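One structure below.
Nothing in this text is a laboratory measurement; each read-out follows from the coordinates by a stated rule. These numbers were taken from a predicted model, which means no experiment stands behind them. All Cβ positions, even for glycine, are placed from backbone atoms using ideal geometry, and neighbour counts span all protein chains on display.
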Amino acid sequence: MKIGFYIKWAKNSIYSDGNVIGDELYGEQLCKVIRRKYKIECEVYAPNYLPKQKLDLMIYLNDTSPMHEFAEKHIIYIQNGYGEKAEYLIDKLIRYNYNGYIFFSKKLKNIYDNKYVHRKLPFSLYLPFGVDTDFFYPRQKRDDLAFEVAYVGNDIKGEEATMKYIYPAINFNFGLFGNWKLPKYRFKIWKNFLIPKYKKVFARISKGKISQEDLPYLYSSSKIILNCTLPVCIEWDVITLRTFEVLACNGFLITDIVPSALKMLKDHVVFTTGGQDLVEKIKYYLHHEEERIKIASKGYEFVKNNVSLDNRVDQLIKYINEVL
């Protein structure tokens with residue numbers, strides 16, 4: 001069998017000047033495990049990297065309509081949030097007539113399943129994120145990545161969420177990574193009126209993109225890692241992949257509140273409502289190292305035992321075999 005994962009953006013985003021596409025990185029991790037465990041040919045494809053021969057199956061990580069010229073069968077496995085209501089998104093996906101539907105959100109799956117009751121549609125699978133524990137595991141601490149607080153991400157969360165859950169870290173030794181470049185304006189004077197305060201500050205202090213190889217060292221070396229969830233993913237109740245990757249490296253995480261994360265990880269991470277609450281919690285855990293290490297250790301053990309990518313791939317392959 002030959003399987004492809006398709007992203008609708010250009011491949012090799014980690015080496016580009018733009019945002020790193022998490023869908024691409026996750027697709028590569030899935031392919032690595034599929035090749036290792038099942039000896040199945042698997043690769044990530046994109047508009048700038050298309051299959052040269054027709055595949056048995058293409059799995060779309062974004063809302064891309066099936067490309068019948070490139071594969072015999074087609075499955076959707078949505079990987080990110082969209083600026084539309086969940087019901088509208090599901091209606092659009094159903095019109096594409098995929099051979100299978102996989103969701104990283106139980107809410108999305110439930111909406112789809114309610115429609116499936118009345119129509120002869122393929123049954124769906126709930127498949128949350130899994131972490132590649134062969135890559136994300138505790139590493140030796142590095143002085144160049146040993147910040148009091150660190151955050152990795154791009155400027156896509158919106159001003160309100162960014163000001164609540166990321167900006168308060170500027171009061172500390174803050175390692176900010178990602179694409180935080182200012183937009184280019186034709187007339188410089190407009191910068192003073194159009195650009196929010198956080199954008200100016202973050203453009204100045206950002207250390208730029210961090211290599212994938214350095215991520216586990218950052219999570220293992222910094223005292224506190226922050227997580228800020230895309231608002232639509234909070235609405236869809238999705239625990240982000242970064243949450244699990246940080247914990248797999250024995251990292252200490254402070255995150256905003258996602259209902260399922262609050263239920264599953266209440267003893268393994270620290271939750272915040274942002275703003276002054278975040279500042280106070282950063283101060284507290286910087287000065288209570290034993291408590292911080294204890295919480296991180298619980299998170300590490302939980303992810304190692306329950307959230308491996310190997311398990312997710314087993315579920316994926318079983319679903320593929322049942323559907324196709």
Of the chain, which part is the longest with no GluC sites (Glu not before Pro) in a loop (DSSP not H, G, I, E, B) and with at most 14 other C-beta atoms within 10 angstrom? 85-324
Of the trypsin sites (Lys or Arg not before Pro) in region 143-182, which ones lie in a loop per DSSP and count no more than 16 other C-beta atoms within 10 Å? Lys181
10 °C / 1.306 mPa s Stokes-Einstein diffusion coefficient of region 143-306, Kirkwood radius on C-alpha pairs, µm²/s: 98 µm²/s
Just grab the label-to-label distance for Tyr38 and Phe123, each label 7 Å out from Cα along the Cβ direction, in nm (one decimal). 1.7 nm
Using R₀ = 56 Å, calculate the FRET efficiency as 1/(1 + (r/R₀)^6) where r is the Cβ-Cβ separation of Lys294 and Asn48; round to 0.05. 0.75
Determine, for Val44, Val279, the number of other Cβ atoms within 10 Å of each Cβ, and report the residues in order from fewest to most. Val279, Val44
Of all trypsin sites (Lys or Arg not before Pro) in region 235-324, the ones in DSSP coil with at most 11 other Cβ atoms within 10 Å are Lys266
If each K or R counts +1 and each D or E counts -1, the residues other than Asp23 whose Cβ falls under 14 Å of its Cβ total 0
Helix-only mean residue ellipticity at 222 nm for the chain, each DSSP H run of n ≥ 4 adding -39500 (n - 2.57), per residue, nearest 500: -11500 deg cm²/dmol
Excluding His287 itself, what net charge comes from residues whose Cβ is under 12 Å from its Cβ, given Lys and Arg +1 and Asp and Glu -1? -1
At Asp144 and Lys85, where each label point lies 7 Å from the Cα along Cα→Cβ, what is the point-to-point distance in nanometres? 5.1 nm
Give the separation of the Cα centroids, region 214-237 to region 135-167, in Å. 6 Å
Read through the labelled values (1) 17.9, 52; (2) 20.3, 65; (3) 20.3, 60 and report the label of the one computed as Rg and Dmax of the Cα atoms in Å from the structure. (3)
Using 1/(1 + (r/R0)^6) with R0 = 30 angstrom and r between the beta carbons of Glu235 and Met1, what's the FRET efficiency to the nearest 0.05? 0.25
What is the extension gain from Ala203 to Asp277, computed as 0.36 nm multiplied by their sequence separation minus the C-alpha to C-alpha distance, in nm to one decimal? 24.2 nm
Please give, to one decimal in nm, the separation of the simple spin-label points placed at Lys92 and Asn305, each 7 Å out from Cα toward the Cβ. 4.1 nm
Taking Lys85 as the anchor, which aspartates and glutamates have their alpha carbon closer than 13 Å to its alpha carbon, excluding any fewer than eight residues away along the same chain? Glu235
Pairing rule first: another cysteine's C-beta must sit under 4.7 Å. Under that rule, which cysteines of the chain stay single? Cys228, Cys233, Cys249
Using 0.36 nm per residue, how much length does the chain from Met67 to Asn114 gain when fully extended, once their Cα-Cα distance is taken away? 14.3 nm
